[in-house]
Each structure stands twice: as C-alpha cells, then as structure tokens.
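**Student:** Before I ask anything, let me first share the structure, which is written out below as structure tokens.
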Amino acid sequence: MEAKKDHWVEKLFSPHFSAQDFLEQAHKPEASASEKLARERAKRVEEIYNTAVKKFQEEKKLKAKRFNSSLIVSDCEPKLTEESKTHLITKRERNNACCGDANISFSTEECSKDIEDCCVWNKRELVILRQEMTRKHCEGFSQRMQLSAMKLELADIKVRCKKAEEDMENMERKLAKSRRETKCKVVLLEQTQKDILKKNLELRVLKEELEEKSLNVNNLNRDLLNARKEIQELSQRNQDLQQELKTLKQDHELTSMTATEKAKLQFELEIKKLHREIDTCEKELNAEKLQHARDLKALELLRKHFASLPLSKLPNNFHIKFLDS
C-alpha cells in the first residue's frame, strides 16, 4: 500500500518541532518575524541610548576641563580689575550651572596645592572666595528654581482661573436655568394648590355622597335581610305547594287513567256497535244492488220489447215510470 499522505493543514502550516522534541527539549522553535523585529528594535534603542550616554559623558568631561582651566587662569593672575573679576564670576557661574557643585569641589581639591604657591591670594582667601561663589551660585540656582516654580504655579493659577471662570459661567447658566425652572415650578405649585383645593372640595362632596351611600347600603342590607326571610318563607311555601301539586298530579293521573279506561271501553263498545251497523248497511246495500240490477235487466227487456213493436199499436195514453235508483 502507498504511504499515507500528509494532511493539507500539515502541508500549509509545517510544524517546527514534534511532540518528542517538545518533551525532550532538544529542539528550539524558530523565532517568528514579529519577535525578530522586536529584538532588532530593542538593539537599535540600546545602541542609541549608549551613544547618547557616551556623548553626554564626553561633553561633561570637556566642560569640566574648561572650567578647571578657567579657574586656574583666574587664580594665577596677580592683578585683576573689578570688571575682569565680575566677568570671571559670571563665567564661573555659567560653568557651575552646567557642571554643578560636585565639579567645583573636585577641581578645588586637585588644584589647591598647585595654585597656592603661584597665586597672590592665600588659601583661606581662596576658600572664602569659592564659598561666596558657591553661595551666589546656589542662591541664583534657587532663585531660578523658584522662578520656574512660580511660573509653573502662575500657569496653574491661570488654568485654574480659566477653569473657575468657565465653572462660573456654567454656574450662571445653571442658575439662570434654575431660576426659570423655579418660576415654572412656582406657577406649577400655585396650580397644584388650586387643584388641591378643588380636589378637597370634591373629596368633601364624595365623603357626603359616601355617607349617603352607606346609609342606603344599611337600608338595603335591612331590606335584604327581610327579603331573605320572605324568600325562606316563600321557599317553604313553594315546597308545600309542590308537595300538594305532586299529590294532585297523582290524583289527576289516577282519575285520568280511570277515565281513559272507561272511555276506551265505551269507545270499543261504540266501535263494535258501528261495526254491526256497517255490516247491516252493507247487507242492505248488497240487496239493493241486486234489486237494482234486476230492475235494469227488466227495463232493458221492456225497451227491447217496445222497440220491436210498431208505432200504430202503441196506446195513446202510455206512460212509462222509471224507478228511482
């Protein structure tokens, strides 16, 4: 026999591994296209993040070097004018804003020993100067932070004011609507009060009618009791009358039966008498029929006889009398 063909589902969706491979965990299924795309996207994001971190670190190092060099130059100059000092202070503040307090402390610790011998100011004065610069920088930074916080708070207050204005407008609209509704409700309340007064009058009339109806009902109940008593009496009387009627019917049936029996006997006697009379009449009729037949024969003979005679021999005063049948 030919080998069994694969099912069309297995041909269309070929399995990555068998059940035995799944149990033994010897086969790793191939990743789908969506998984590959997700992995590649994660790798690209990781590379972008790493390059950004490296770039930021390099920029931070360059800024630190620039700050250290400017600080060394400012400390080594023997005589500086007031304008150059203020310029350096502002420049140092900008550098401090970029690099932070950690870079200042780090740079001062490294350069304090090298600068102490070649600088006009001594170590204590440099420490005081740096402390003042740090304090000014902190104050400026705190003021900038306060300014930004104030700006955010002002924007928030503006938003809340705008929202409060909108809420106020909505409340005014709702108040106007509620006033209109209140007017309508006042009118409705007045109308309902009028309706209530009218209904109270109707209720009084209905109560009076109810009292009258209750009196009528009581009277009707009394009449009903009397009628029930009368009905009971009439029913008892009806039963008595029915009993009397039953006895009368029985008596009537007996009398009618006797009368019918008598009538039947009399009728039978009359019928017998009529039968006898009919028999006698039939006998007489038969006798008359025989006599009539005889008379007809005799008449026929006479006709024939006279028909055969000549006319001259007939008497003048000859009359024929026919018998009535």
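**Student:** Regarding LEU290, is this residue among the aliphatic types (A, V, I, L, M), over 59 Å from the mean Cα position of the chain (by Cα) and surrounded by 11 or more Cβ atoms within 10 Å (Cβ to Cβ)?
**Tutor:** Answer is no for this residue.
**Student:** Quick one: which residue in GLN143, GLN131 is more than 60 Å from the chain's Cα centre (by Cα), among the polar types (S, T, N, Q), under 19 Å from PHE67 (Cα atoms) and assigned to a helix (DSSP H, G or I)?
**Tutor:** Details: GLN143 fails: under 19 Å from PHE67 (Cα atoms).
Within the list GLN143, GLN131, the selection yields GLN131.
**Student:** Confirm whether LYS158 is modelled with pLDDT of 90 or more, among the basic types (Lys, Arg) and assigned to a helix (DSSP H, G or I).
**Tutor:** Answer is no for this residue.
**Student:** Among ALA155, ALA164, which is the only one that is farther than 30 Å from PHE67 by Cβ, free of Cβ contacts under 8 Å to residues at least 24 places away in the same chain, among the aliphatic types (A, V, I, L, M) and loosely packed, with under 11 Cβ neighbours inside 10 Å?
**Tutor:** On the way: ALA164 fails: loosely packed, with under 11 Cβ neighbours inside 10 Å.
Of the residues listed, the single one that is farther than 30 Å from PHE67 by Cβ, free of Cβ contacts under 8 Å to residues at least 24 places away in the same chain, among the aliphatic types (A, V, I, L, M) and loosely packed, with under 11 Cβ neighbours inside 10 Å is ALA155.
The values are calculated or read from the model by the stated rules, or taken from the named source; none is laboratory data. Computed from a predicted model, the values in this text were never measured in an experiment. For neighbour counting, all protein chains shown are included, and Cβ atoms are generated from backbone atoms with ideal geometry for every residue, glycine included.
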